[in-house]
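What follows is a set of notes on a single structure, which appears directly below.
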Amino acid sequence: MKGRVIALEMAGDSRSRAALIIDGRLDDLLIDADPALPRHGQIFAAIVERSVPNMPAAFARLPGGQTAYVREARKVRTGDRLIVQITGYPDPGKAYPATTEYLLKSRTAILTPGRPGVNVSRSLRDPELRQRVQDIGSRVLAKHRHGGGLILRSDSADAEETEIVASIEGLIEDDGALAANFEATEGAAALLNDRADWQAERDWLTDDTDVATEQSLGTSPFEHFGVWDEIERLKSPRADLPSGGWMSIEATTAMVTVDVNTADQFGGGAGMTANVEAARDLPRQLRLRGLGGQVVIDFAPMKKMHRKKIDEVLKAAFRRDPIATTLAGWTPLGNFELQRKRERRPLVELL
């Protein structure tokens with residue numbers, strides 16, 4: 001099956017799930033957790049419990065009783081109310097990472113309240129297109145007298161002006177609603193929620209993408225496209241490779257370990273073939289499994305001179321991945337290390 005499809009389902013309790021299928025293969029997966037648990041991107045009113053000396057940071061209480069570690073919390077005191085946005089998921093027993101410099105996103109733009117300026121995604125290189133979308137953003141902010149700023153995303157390059165304008169105005173409206181909710185509530189409270197289906201349509205939807213729902217198919221899209229079967233496979237550490245080898249991907253308390261195996265293939269280039277396949281598929285596997293933090297990869301045995309090829313494949317693969325990843329490089333023992341932002345809750349916890 002060729003093409004892009006977004007499969008959307010409601011899971012009850014206002015929770016949703018979404019899958020991106022590209023050319024018949026599951027490429028990305030979003031599943032809402034327990035509504036009582038904070039999720040990446042969600043915005044709250046939080047209560048400062050204590051500030052961190054000599055740092056613009058604080059620990060603050062969220063509405064569910066969880067604690068957030070808030071960066072950029074300047075000149076705050078115990079009991080102050082702050083607007084904070086969750087920026088990732090914590091290690092067990094630690095506070096949720098959060099920031100006071102929240103963002104509001106649409107498919108074409110990102111609103112940056114309190115931080116003026118109109119910027120354009122670096123991936124949009126054409127000077128005329130950059131100027132066009134920048135001018136549109138500046139006009140909309142001036143019209144609504146909004147004191148914040150904008151980042152025009154790469155998808156704005158192919159969008160009509162009316163779509164970009166509507167998108168930015170929708171973000172400005174959301175920001176106004178958020179501020180009104182903050183004033184209308186007391187204590188810790190949820191101000192702006194996000195859901196898997198909303199995020200999927202915002203981040204995955206393009207002109208050539210079909211959207212499949214239970215209404216359009218008459219059955220579960222996850223069943224129809226075999227997503228549940230793939231989820232069952234993702235419960236196992238093993239990820240098969242086209243050549244017959246596999247990766248073993250396991251999360252520990254300290255890190256994620258990846259071991260690349262060639263199975264019963266011992267010919268001259270078997271190790272290199274498995275390593276290239278593993279490097280290409282690793283971002284997808286980590287994305288689907290919701291894994292981040294420190295990742296250590298033990299590639300199959302290969303000549304040291306072939307490491308440059310693996311470097312190139314990893315760089316190309318992670319360049320297309322939406323989650324921020326730093327490729328640290330090779331260790332003295334011959335493993336490869338990378339650091340990946342914890343933007344998602346591990347799939348095993350969601351299930």
**Message:** Going by what's in this entry, would Arg17 be described as of a type outside the set (Ser, Thr, Tyr), within 19 Å of the chain's Cα centre (by Cα) and surrounded by 14 or more Cβ atoms within 10 Å (Cβ to Cβ)?
**Reply:** yes
**Asked** In the range 228-238, is there at least one residue being under 14 Å from Leu282 (Cβ atoms), open to solvent by less than 70 Å² (accessible area, probe 1.4 Å) and more than 21 Å from the chain's Cα centre (by Cα)?
**Response** yes
**Message:** Of everything in the range 117-141, what is modelled with pLDDT of 90 or more and among the small types (Gly, Ala, Ser)? Give them in sequence order.
**Reply:** Gly117, Ser121, Gly137, Ser138
**Request:** Would you please list the contacts, defined by Cβ atoms under 6 Å and residues six or more apart or on different chains, that run from a residue in the range 127-139 that is touching a residue at least 24 places away in the same chain (Cβ under 8 Å) to a residue that is open to solvent by 60 Å² or more (accessible area, probe 1.4 Å) and not β-branched (Val, Ile, Thr)?
**Result:** Ile136/Glu161
**Request:** Output the residue which, of all residues in the range 188-219 that are acidic (Asp, Glu) and touching a Pro at 6+ places or on another chain (Cβ under 8 Å), is least open to solvent (accessible area, probe 1.4 Å).
**Result:** Asp203
**Message:** For Ala317, only one of the following conditions fails: (1) outside any loop (DSSP other than H, G, I, E, B); (2) among the small types (Gly, Ala, Ser); (3) at pLDDT below 95. What is its number?
**Reply:** (3)
**Complete:** Only one of Arg81, Arg107 is surrounded by fewer than 20 Cβ atoms within 10 Å (Cβ to Cβ) and closer than 24 Å to Gln199 by Cβ, namely Arg107
**Request:** Specify the residue that is surrounded by the fewest Cβ atoms within 10 Å (Cβ to Cβ); the eligible residues are those in the range 46-57 that are at pLDDT below 95 and under 26 Å from the mean Cα position of the chain (by Cα).
**Result:** Pro56
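The values are calculated or read from the model by the stated rules, or taken from the named source; none is laboratory data. Here the structure is a predicted model, which means the values were calculated and not measured. So basically every Cβ, Gly included, is an ideal-geometry build from the backbone, and we count neighbours across all protein chains shown. Areas reflect the complete protein model, heavy atoms only, side chains present, ligands, DNA and RNA absent. Shrake-Rupley method; radii C 1.70, N 1.55, O 1.52, S 1.80 Å.
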